[in-house]
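What follows is a single structure, written as structure tokens, with notes after it.
The values are calculated or read from the model by the stated rules, or taken from the named source; none is laboratory data. As the structure is a computational prediction, the values presented were derived from the model and not from experiment. Glycine gets a Cβ as well: all are built from the backbone with ideal geometry, and neighbour counts include every protein chain shown. These area figures cover heavy atoms from the full protein model, side chains too; ligands, DNA and RNA do not enter into them. Shrake-Rupley method; radii C 1.70, N 1.55, O 1.52, S 1.80 Å.
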Amino acid sequence: MQKRLLFVLTTIFFISVHAQVKSPEEFLGYKIGSRYTPHWKIVNYFQSVAATATANVKLEQYGQTNEGRPLLLAFISSADNMNKLEQIRLNNLRLANLSKDKAAPMEEGAPAIVWLSYNVHGNETSSSEAAMLTLWALVDPSNTKTKEWLKNTVVIIDPCINPDGRDRYVNWFNSIAGKNMNPTIAAREHREPWPGGRTNHYNFDLNRDWAWQTQVESQQRIKIYNQWMPYVHVDFHEQGVNNEYYFAPAAQPYHEVITQWQRDFQVTLGKNHAKYFDANGWLYFTKEVFDLFYPSYGDTYPTYNGAIGMTYEQAGGPAGGLGILTDEGDTLTLYDRAIHHYTTGISTIETSSLNAARLVKEFRKFFNDAVNNGSGEYKSYIVKYSDNDRERINSLTDLLEKNGIQYEVASGSSRGTFNGYNYNTGKDEGFTIDAGDIMVHSQQPKSALARVLFEAKSNLVDSNTYDITAWALPYAYGVKAYGSKIKLQTSASSRSINIINNISDAYGYVIRWQGIQSAKVLGQLLLKGVKLRFAETPFDVNGLHFDRGSVIVIKKGNEKFGQTLSSIVNEVCNFNNIKANSISTGFVDKGFDFGSDKVHPLKTPHVALLTGEGVSSSGAGEIWHFFDKILEYPISLVNANDFGRIVLNDFDVIIMPSGNYRFLNEKTSADQLKDWISKGGRLVAIEGGVGQLAKLDWTIKAKKSEDSVDKKDIYNSLQVYEERERDFISSSIPGSIYKVELDNSHPLAFGYPNYYYTLKQDDAMYEFIKDGGWNVGVIKKENQVAGFVGTKLKDKLKDGLLFGVQDIGSGEVVYLADDVLFRNFWENGKLMFCNAVFFVGQ
């Protein structure tokens, strides 16, 4: 009996010892910073902690990446808070006026919610290592300080926002590193290969995608973010190896929507971080470089959603490896990088806990002010509905819904005329409200975010910004809109967007060309083998009007489908929510009959994308993602450096994103490309790709800037040293919106009015095509609409070509000098890109 009891006690002791939560070093078998931890081991560690510290930790998988890796959140707090975690979440939504129930929020005793996001850039690897240290500090039984903090704080940790990018870097590094680290900067372990680990599977920068949510990681993360709405959010990053650590407060410009409390608490946090850094002799900087303006960052998006949003930047980045020599001769190690991030993370939790009651109070005030007063001078934004803009408006309302921005749909026409800011003219003008118009009122919980996204012209207190300076949704989506200084009241209805086609056997069917969903229909029908035509000019038939680019499906050429043709059209159009119109004849009432040479057969294009070393990974990535995930049309990715081995005749269309193409510097290869074009190939060059082509003798030419400097002023080159950064600004254009005049009778501009809003990020302008081509999109005069442009560039950005088509033999070169797919959120440019792929040259 005694032996049996001893065995039981020994077993219990063994289980209790081995069930204790382990530190990262105990679990992994190595010290953090001594090697890189692959994502699966990070997941295993978090799972282990959650399984053993059940009273204080809950682990939730909120999604998965393109490559199937799990996306996790760890919730850590006191046992009492964890027992009522769902009640805390629901109460927090009530505090933000976002709850659907009518229960009153409890401000007194509500815990502060702190969200820490790690490794959004996959090759900025130290932060996920720091995430494990932070988790351990919060559950370590001997750490009495964190136990006290967690009594009034709920900490949410996302250990790795970008697992695909992280593993791309870590797997590469672990595969080439030797037994001992080599800190010499020239060593190969400090030079990761193309495309690098910064971005996700499709080479997208997830830290530019918070508001736009074009990527699956962002979509899943923001969905759960909006279910929690934290008070403090930190986005951990890395920068160049020779920079010191950066933490809040942020640099100017701050968007004016940011409250004084949000500004002040950044200072409070920064001072607490400084205390720890000073004690350790670590250097840091604040109030420089990293501003709070562009709305789709991991600091600004939370800020515009009522949080204290911050970026923390550690030296290291992709070049850091396990250790690297800095310019000062010191060796910066992975451990150094991780421990710095760990320190600011813990300091953030501490400061939030010490100020929990104030955080809750100010959070509540932020959202009460939003609902009661709204933000900004405009009390209502009105997006005008028209059938031509239906697809664009549907895409816009999808974005509003993803971000929790409330809107109404007008159920009928208003009486009288209202006055408001016309986004198209830049003037205050009269307008009416009609059925289907979208109304976004500023008096709502997401008032600040709505204002920032709709703001036509933002107030820049400092033009030295880190990203683009204009993004207003009416311009990005190409819709007509007004801003009203009074809140407009009208009857509202629910949004109805679903189209159900039930067409039967007929002479043919016509699909209007109005947006990306129309393009998806075209592509999917072509892939099913359906023969299509498109109209070069408008036409009327059977009492219906159709504009240029309308896609025509007739029985001629589709005999193999028999009576199933209508079923195929129904299926594809219903899946894409597009109206299919039955027609009984090819004899039109107005325009050209379907047998005219103004109605063109469509060939199914085989498309290649130049990619690989020398090509912009983000530029190639957004095209790859567009074809693969949005258009759902096949594309072949080919390495630009293999150009000489590519069988060009296998492809009808070759897309050339920004890049430095070595083969263009070789006359044989450049001539080979020209020969392929002249025999019917179509080259689509985008942004920097246009600049590369412009250096050849058979393409368009870059517009020379006019010398606006007084050459007689011999003192013009004299500059003040401390103003050198400011002097650079006068020659910069970080992202500004211009109005482009379009020739919408050309296939490149089908589906557009006679104008287009482009996002200019450089001063690239090109000479007008005089012979053998078409100037489809031009800027004739100063047409800046929004955003910052340096004084030295303003005179250059006029009287030039942005979008054009050059005829070369039987083929074409399509020039898209601005990025019409910018980060895949510039919705209005997508149709032009589809025109370049499907219509031009057909």
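Scanning the range 736-781 for residues that are without any contact (Cβ under 8 Å) to a residue 40 or more places away in the chain and farther than 14 Å from Leu802 by Cα yields a count of 5.
The criterion of at least 1 residues that are of a type in the set (Ser, Thr, Tyr) and modelled with pLDDT of 95 or more is met by the following strands (runs of 3 or more DSSP E) wholly inside the range 719-780: 736-742, 755-760.
Residues in the range 109-122 that are open to solvent by 10 Å² or more (accessible area, probe 1.4 Å) and either of a type in the set (S, T, N, Q) or at pLDDT below 95 (or both): Gly109 alone. Checking every residue in the range 488-505 against the condition of being out of contact with any helix residue (DSSP H, G or I) (no Cβ under 8 Å at 6 or more places or on another chain) and modelled with pLDDT of 95 or more gives zero matches.
I'd like the residue in the range 612-637 that is open to solvent by less than 30 Å² (accessible area, probe 1.4 Å) and β-branched (Val, Ile, Thr) and, out of all such residues, is nearest to Gly688 (Cα to Cα). Checking each candidate, the answer is Val615. Being modelled with pLDDT of 95 or more, among the hydroxyl-bearing types (Ser, Thr, Tyr) and buried (at least 21 other Cβ atoms within 10 Å of the Cβ) holds for only one residue in Ser34, Ser48, Ser77, and it is Ser77.
A Cβ distance below 6 Å, combined with a sequence gap of six or more or placement on separate chains, defines the contacts here; from the range 672-697, residues that are modelled with pLDDT of 95 or more reach residues that are of a type in the set (Asp, Glu) and crowded, with 23+ Cβ neighbours inside 10 Å in the pairs Arg682/Glu812; Glu687/Asp819.
For the range 406-454, which positions are closer than 21 Å to Ile497 by Cβ, in a loop (DSSP other than H, G, I, E, B) and open to solvent by 10 Å² or more (accessible area, probe 1.4 Å)? Answer for the range 406-454, where residues must be closer than 21 Å to Ile497 by Cβ, in a loop (DSSP other than H, G, I, E, B) and open to solvent by 10 Å² or more (accessible area, probe 1.4 Å): Gln406, Tyr407, Ser411, Gly412, Ser413, Asp434, Ala435, Gly436. In this structure, Leu90 qualifies as open to solvent by less than 60 Å² (accessible area, probe 1.4 Å) and closer than 25 Å to Ala357 by Cβ. Taking the criterion of being surrounded by fewer than 19 Cβ atoms within 10 Å (Cβ to Cβ) and not hydroxyl-bearing (Ser, Thr, Tyr), the residues of the range 740-760 that qualify are Glu741, Asp743, Pro753, Asn754.
Among the residues of the range 94-124, those identified as within 26 Å of the chain's Cα centre (by Cα) and either part of a helix (DSSP H, G or I) or among the small types (Gly, Ala, Ser) (or both) are Ala96, Ser117, Gly122. The conditions of being within 29 Å of Arg823 (Cβ to Cβ), open to solvent by less than 10 Å² (accessible area, probe 1.4 Å) and in contact with a Gly (Cβ under 8 Å, 6 or more places away or on another chain) are not met by Val607. For the range 482-490, the count of residues that are over 29 Å from the mean Cα position of the chain (by Cα), over 30 Å from Phe290 (Cβ atoms) and of a type in the set (Ser, Thr, Tyr) is at least one. Taken over the range 316-327, the criterion of being at positive phi and assigned to a loop (DSSP other than H, G, I, E, B) is satisfied by Gly316, Gly321.
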